[in-house]
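In what follows, a single structure is set out as structure tokens and then discussed.
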Amino acid sequence: MASTDVWLPIPPEEIGGLPAAFRYVHWDGAEEFPADPADCVFYVVPYLKGEAVAVRPLEHMPKVRVVQTLTAGVDHVEPAVPKLPPGTLLCNARGVHDASTAELALALALASLRGVPDFVRAQDAGRWEPCFRPALADRTALIVGYGAIGAAIEERLVPFEVGRVHRVARTARSAPRGPVHTLADLPGLLPEADVVFLVTPLTEATRRLVDAGFLARMKDGALLVNVARGAVVDTGALLAELESGRLRAALDVTDPEPLPAGHPLWKAPGTLITPHVGGPTSAFRPRAERLVRSQLELFAAGERPRNVVATA
């Protein structure tokens, strides 16, 4: 009998409308496997359980045809792709995190610009400290990594009356709201930007993309918002700019991560840090379930799933 097991990190009975063609196995990273991984043909990676958990069953899955992450980035699984059976597809969760991550990107930008962390500290101390702060209105924004999440950030920027938005991605193209530039155009775009949003995936091309040279091209007082991956930024170079007071940063991701106690980023001037919470919100579950259902429907019909980012 042909293998038909599908491993899900969400209990299958909680996802309505799954194709009847498969046997569903619930595994969310527990030490013991709930079934023989050799029978798995479609593996949905546990969410936010780390690389070790994500790849652990893969070496025991000789019949797997699709590996589906529930994250937009796949850097925690991609190193295992060369060892997968030939033709196995690695798919990301494009579309699942657009709303949540874009919300957080805007929240971080607004909180940092308007001084919300300082007001919270003043409230804790019972101090009334009004001050003048920059607005997001009339500012120039630069979105580095203009995919689905980058576009969602721009849609949320529009009602705040930003002055201009520049878009950068791996390849140049036209988007509904304007042209998309390539990474090669960054040197000319960075000096104009008041707020730089990092949304790019972590690849060899983007690792340490935000280095000392990148940061030096940013204008005095500019804000760096990172909702991508910590390793996109050279932490040492960023710390030098923050400690000088020339730049500010709002970071949902860091390198290293988790950020250890006592790390200088925690107390760097002008820095707001959240603990990698761009995705895990109430918006995640219904979108993740829709993605899994639609991908399995395509797979059951013998069609190619969406969001393929790599092939073994």
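The values are calculated or read from the model by the stated rules, or taken from the named source; none is laboratory data. Nothing here was measured: the structure is a model prediction, and the numbers come from that model. Note that we place each Cβ from the backbone using ideal geometry, even for glycine, and neighbour counts take in every protein chain shown.
Restricting attention to the range 174-206, report how many residues are buried (at least 20 other Cβ atoms within 10 Å of the Cβ) and small (Gly, Ala, Ser).
Total satisfying the criteria: 1.
Quick check, is Val81 surrounded by fewer than 22 Cβ atoms within 10 Å (Cβ to Cβ), at pLDDT 95 or above and farther than 18 Å from Pro12 by Cβ? Lay out the reasoning, then the answer.
Working: surrounded by fewer than 22 Cβ atoms within 10 Å (Cβ to Cβ): yes; at pLDDT 95 or above: no; farther than 18 Å from Pro12 by Cβ: yes.
It is false that Val81 is surrounded by fewer than 22 Cβ atoms within 10 Å (Cβ to Cβ), at pLDDT 95 or above and farther than 18 Å from Pro12 by Cβ.
How do the helices (runs of 4 or more DSSP H) wholly within the range 24-133 filter down when requiring 2 or more residues that are not hydrophobic (A, V, I, L, M, F, W, C): which remain? Talk me through it step by step, then tell me what you get.
On the way: elements: 51-55, 98-114, 116-124.
Passing ranges, in order: 98-114, 116-124.
Somewhere in the range 118-140, is a residue over 22 Å from Leu247 (Cα atoms), at pLDDT 95 or above, surrounded by 17 or more Cβ atoms within 10 Å (Cβ to Cβ) and among the β-branched types (Val, Ile, Thr)?
no
Take Leu110 and tell me if it is buried (at least 17 other Cβ atoms within 10 Å of the Cβ) and within 25 Å of Thr281 (Cα to Cα). First the steps, then the outcome.
Numbers: buried (at least 17 other Cβ atoms within 10 Å of the Cβ): no; within 25 Å of Thr281 (Cα to Cα): yes.
The answer is no for Leu110.
Can you tell me which of (1) small (Gly, Ala, Ser); (2) at pLDDT 95 or above; (3) closer than 30 Å to Arg207 by Cα is the one Ala35 doesn't meet?
For Ala35, the failing item is (3).
Which is closer than 17 Å to Glu243 by Cα, surrounded by fewer than 19 Cβ atoms within 10 Å (Cβ to Cβ) and in contact with a Leu (Cβ under 7 Å, 6 or more places away or on another chain), of Pro264, Pro280? It would help to see each step written out before you state the result.
Values: Pro280 fails: closer than 17 Å to Glu243 by Cα.
None of the others qualify; the one that does is Pro264.
Sort out which residues of the range 147-174 are in contact with a strand residue (DSSP E or B) (Cβ under 6 Å, 6 or more places away or on another chain) and more than 12 Å from Ala102 (Cβ to Cβ), and write them in order of number.
Selection gives Val162, Gly163, Arg164, Val165, His166, Arg167, Val168, Ala169, Ala172, Arg173.
Taking the range 185-209, which residues are free of Cβ contacts under 8 Å to residues at least 60 places away in the same chain, closer than 17 Å to Thr235 by Cα and not in a loop (DSSP other than H, G, I, E, B)?
Passing the criteria: Val196, Leu198.
Only one of (1) without any contact (Cβ under 8 Å) to a residue 60 or more places away in the chain; (2) assigned to a loop (DSSP other than H, G, I, E, B) fails for Ile10. Which number is that?
(1)
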